[in-house]
Amino acid sequence: RAQLRCCLERLKQQVPLGVGPARSTTLSLLHRARLHIQRLEEQELRARRAKDRLRDRQRSLQRRLEKLLLPADGERARADSLDSSQLSEPSEEGKE
């Protein structure tokens with residue numbers, strides 16, 4: 001019985017105060033605790049969904065960034081290969 005009282009006191013500290021009477025009954029405390037837990041679970045669910053949406057958005061933006069960067073890298077590679085071929089051509093012509 002003493003352990004139950006101790007647990008109820010700890011529960012009172014964790015659960016937000018209600019708008020009811022100053023001295024709450026065990027039943028009202030348990031009811032408020034249940035509602036508080038439900039609200040916390042709903043908040044957690046909303047937070048998980050938001051996190052999933054943000055993760056999906058991040059992946060989408062990352063893919064988009066990679067697509068935007070690929071042509072620039074490809075152009076640089078082509079430009080580098082053209083430059084090297086142009087440099088090698090005059091030297092070959094000069095040797096002939």
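The values are calculated or read from the model by the stated rules, or taken from the named source; none is laboratory data. No experiment lies behind these values; they were computed from the predicted model shown. Glycine also receives a Cβ, built like all others from the backbone with ideal geometry; neighbour counts cover every protein chain displayed.
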May I ask you to verify whether S60 is of a type in the set (S, T, N, Q) and modelled with pLDDT of 55 or more? yes
Condition broken by I37, with the remaining ones in (1) surrounded by 10 or more Cβ atoms within 10 Å (Cβ to Cβ); (2) at pLDDT below 90 satisfied: (2)
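Would you point out which residue out of A79, A50 is at pLDDT 95 or above, surrounded by 10 or more Cβ atoms within 10 Å (Cβ to Cβ), of a type in the set (G, A, S) and more than 30 Å from R1 (Cβ to Cβ)?
Numbers: A79 fails: at pLDDT 95 or above.
From the options A79, A50, the qualifying one is A50.
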